[in-house]
Amino acid sequence: MIVIPGPSSPGLGEKVAEGLGVEVVPVEHRLFPDGESYIRLKGSVRGEEVVIVQTTSPPQDRHLIQLFLLARTAKDYGAEKVVAVVPYLAYARQDKRFLEGEALSIDVVIRLIEASGVDALLTLDIHSPDVLERFTIPVKSLSAIPLIAEHLKAKGFEGAFSLSPDKGAIELAKMGDAVLGGGYDALEKARDRHTGEVRTREKRLPVEGRDVIIFDDMISTGGTMALAVGLAKKCGARRVVAACTHPLLVGRAVERILEAGADEIVGTDSVPGPHSVVSVAPLIVEGLSDLL
Ligand code: R5P
């Protein structure tokens, strides 16, 4: 078995290879002057089970194309099996036609992944689990929330209240609570499908003078998280941590969340960046066992 650390996940790819105790095949990559991606494998994959580690955080489209090029090239050069580790799966939020005439984006992405030669896929905290049923190859989504909660417990947050910013993410708050043990709840959120604006219904939370951890699958613009942080502060929370598996943190997300009153933003290296303090490598290594 060998690991190919893709251009979007070089550090995580190396850690996964280390955890599996296998060699990596490095990738040469660059952009042509017109923006097209160039990919070259710098080692042999013939007869190997190949694990490609390539997240598809922004720029999503480029990272997806790189994933397709890597998978096809590995197959062309005789890889026996290609397993894609895509910690953040782009377009997973567009899993329905919310408005008439919209593209069903995740279904197109799934077809392209499968057509490029990927034989199995591992992702983390996928936005909605029913997307997994649309693949025809073996696929699984693991949660990094217990790892994040363990990290926070070790930093003194045992007994903190776990909160999810919308009902759909209550399982995340439940998982956080299983480690932190301070109770959990979910807020109610609504998004305007035309403007993208998010609203959170006011709610009394039992957090007066207590620490609160808000768990979400991802933070993109920070709008959802900022509202949840603001509400926790309004209910008297002491320290508030904004935690997520995929810290996309686009634009002013960090400022918005901190201005709302958060003390800290904690994410994982599913999406590398300054707030990616928890590594998902051990989770991926463990999760690969039944996909290989
Ligand atoms: C949506 O339901 C997700 O779980 C996140 O809450 C949301 O996508 C985050 O987006 P933003 O940071 O732009 O509010």
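Quick note: the coordinates plus some simple rules give every number you see, no bench work behind them. Note that this is a predicted model, so its numbers are computed, not measured. Heads up, the Cβs are rebuilt from the backbone with ideal geometry, glycines too, and the neighbour counts pull from every protein chain shown.
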Completion exercise
Taking alpha-carbon centroids only, the range 237-255 lies from the range 181-235 a number of Å equal to 11 Å
Problem - Within straight-line cross-link reach of K75, aspartates and glutamates at Cα separation under 14 Å, skipping those fewer than 8 residues along the same chain - result: E48, E49, E114, D119
Fill in the blank from the handout: Taking a straight Cα-to-Cα line shorter than 16 Å from K233, and setting aside same-chain lysines fewer than 8 residues away, one finds K203
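Give me the mean projected area, in nm² to one decimal, of the convex hull enclosing the Cα positions of the range 1-153. Intermediate values should be presented prior to the final figure.
Values: hull surface 42.1 nm².
Averaging across all directions leaves 10.5 nm² for the Cα convex hull.
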Exercise for the section: Mind checking which lysines have their Cα closer than 16 Å to the Cα of K96? Skip sequence neighbours fewer than 8 apart in that chain. Expected result: none
Completion exercise
Taking alpha-carbon centroids only, the range 108-130 lies from the range 42-91 a number of Å equal to 11 Å
Exercise for the section: Would you kindly calculate the translational diffusion coefficient of the chain, applying Stokes-Einstein with the Kirkwood radius from alpha carbon pairs, for 10 °C and a viscosity of 1.306 mPa s, and quote it in µm² s⁻¹ without decimals? Expected result: 81 µm²/s
Exercise for the section: Averaging sequence separations of C-alpha pairs under 8 Å and six or more residues apart, then dividing by the length of the chain, give the relative contact order as a whole percent. Expected result: 14 percent
Problem - Spin-label proximity, D61 to the range 79-104 - amide N less than 14 Å from point 7 Å beyond Cα toward beta carbon - result: 91
Problem - Dipole magnitude of the range 112-187, debye to nearest 20 (Cβ charges: Lys/Arg +1, Asp/Glu -1, about Cα centre) - result: 160 debye
Completion exercise
The long-range amide H neighbours of T56, using H built 1.01 Å from N in the peptide plane and a cut-off of under 5 Å, are Y88, A90
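Among bridges DSSP assigns within the chain, what percent are antiparallel (round to 5)? Could you put the intermediate results ahead of the total?
Details: 8 of 44 bridges.
Roughly 20 percent of the beta bridges in the chain run antiparallel, per DSSP.
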